[in-house]
Every structure is written in structure tokens, then in C-alpha cells.
Amino acid sequence: MRWTVHGEREIYSSDWVRLTLADVEVPGLRRFDHHVLRMPRPAAGVVVHDPERGLLLLHRHRFITDTWGWEIPAGGVDAGESPAQAAEREVLEETGWRPGPLRELAAYHPSNGIADQCFHLFLADGATRVGTPSDPSEAERVEWVPLPEVRRIVRDGRMRDGLSFTAVLYALAFDELGGGRSAAEESSPTPLP
């Protein structure tokens, strides 16, 4: 059923986020206030893949959750930019590599029960080293990580960022990285009857 929105008022606003309180009604049930995060900019992230080297990843600390983890290059879409342009810019700024041709994998709302931000996921086939990251505070290190290790990183909980987690799993699940399943995956034991 579609909820009715009777109004929405702003509680807080900055260049990064707006917090509002929406007066909503669930038809035939109840009316209540619901907090909403309005994000003025979508975000874009890139799975940069090279068949020989694996994925281009950043290892970084996130102070909000006080965690270290592996992430794909990603960031906000600036005014006047398309998500693809932002994705290419973010790879260059965060890694010093210029991504190869981009192909959009998916666009989705990661927390549509509370926020309206849209994430755009791209795949880049290869990259060319053109310099160093323009902002050294973005990551402790930038590395090409072989696909078997990427799978272990995801499985072991070392990729904690939702955008990165979704993008990498999407690329793996839909065989966007080529090569199909690994020999080990193909030869997994058959369950007993």
C-alpha cells in the first residue's frame, strides 16, 4: 500500500545532508512522524577490473564506525556531473589511475526506508596509471587485489562499506569480471542424499 505524505519539515540542513520529519499516514492504520535523510547528491562507485591484476581497491579507516576495510573508488556526484563522470573522477582522485571504459552495472537506493540517496555502480575494464592520488587522506593504501583474495576479503568481513560490498558482489554474481566460476568453485563437493 502507498503511504500518504501530509507534509515534511526540515530539522537540520547542511551541504551534505538534510534531516526532515515527514507527517505520514499508512492507509487505514495510523498517522505518525517519520525521520527522513535527504541527500542532495547521488554517489557513484567503480569496480576497476584488470584480468591480470584483479580489482583496484583502497584500504582505509572510517572514523564513523571506527573500522578498517577495503573499498572500491567512490564518492559524490557533483553539480553538473553525470554519475559516470563522477565515477571516473573519483577513481582518478582516489587512486591515481585513469579507468578504462565504464559500463553501468546498477543504480539503487541502499536505505530507502530512511534515506533517498541513490548509488550508481560502474565497471571499468582496466586502468592506466597517470599519477598519485590527489588526496592522500582518502586511503592508507591503494592496491590491485587478485580476485581469489577479493573473495576472501568479502567472505571474511573485511569489506564493510555497503556500496563496495554491493558492487563487488554484483560483479561476481553476474560474472561481470569474466572467466565464470573458479575451478575450486566448480569442483565443490556434491551433497550426499
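The values are calculated or read from the model by the stated rules, or taken from the named source; none is laboratory data. Since this is a predicted model, take the numbers as computed values, not measurements. We place every Cβ from the backbone using ideal geometry, glycine too, and count neighbours over all the protein chains shown.
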Can you tell me which residue within region 41-57, out of those that are in a loop (DSSP other than H, G, I, E, B) and in contact with a strand residue (DSSP E or B) (Cβ under 7 Å, 6 or more places away or on another chain), is surrounded by the fewest Cβ atoms within 10 Å (Cβ to Cβ)? R53
Going through region 1-39 one residue at a time, which ones are without any contact (Cβ under 8 Å) to a residue 12 or more places away in the chain, within 25 Å of G75 (Cα to Cα) and in a loop (DSSP other than H, G, I, E, B)? S14
What are the residues in region 90-114 that are over 15 Å from the mean Cα position of the chain (by Cα), closer than 23 Å to D15 by Cα and surrounded by 13 or more Cβ atoms within 10 Å (Cβ to Cβ), if any? E93
Looking at this structure, is R60 exposed (fewer than 11 other Cβ atoms within 10 Å of the Cβ), at pLDDT 95 or above and assigned to a strand (DSSP E or B)? no
Are there any pairs, at least 6 apart or on different chains, whose C-beta atoms fall under 7 Å, with the first in region 71-100 and within 20 Å of G54 (Cα to Cα) and the second of a type in the set (D, E, K, R) and part of a helix (DSSP H, G or I), and if so, which? P73/E90; P73/E94; A74/E90; E94/E138; P99/E88
Is at least one residue of region 21-35 modelled with pLDDT of 95 or more, among the β-branched types (V, I, T) and either under 22 Å from the mean Cα position of the chain (by Cα) or loosely packed, with under 11 Cβ neighbours inside 10 Å (or both)? no
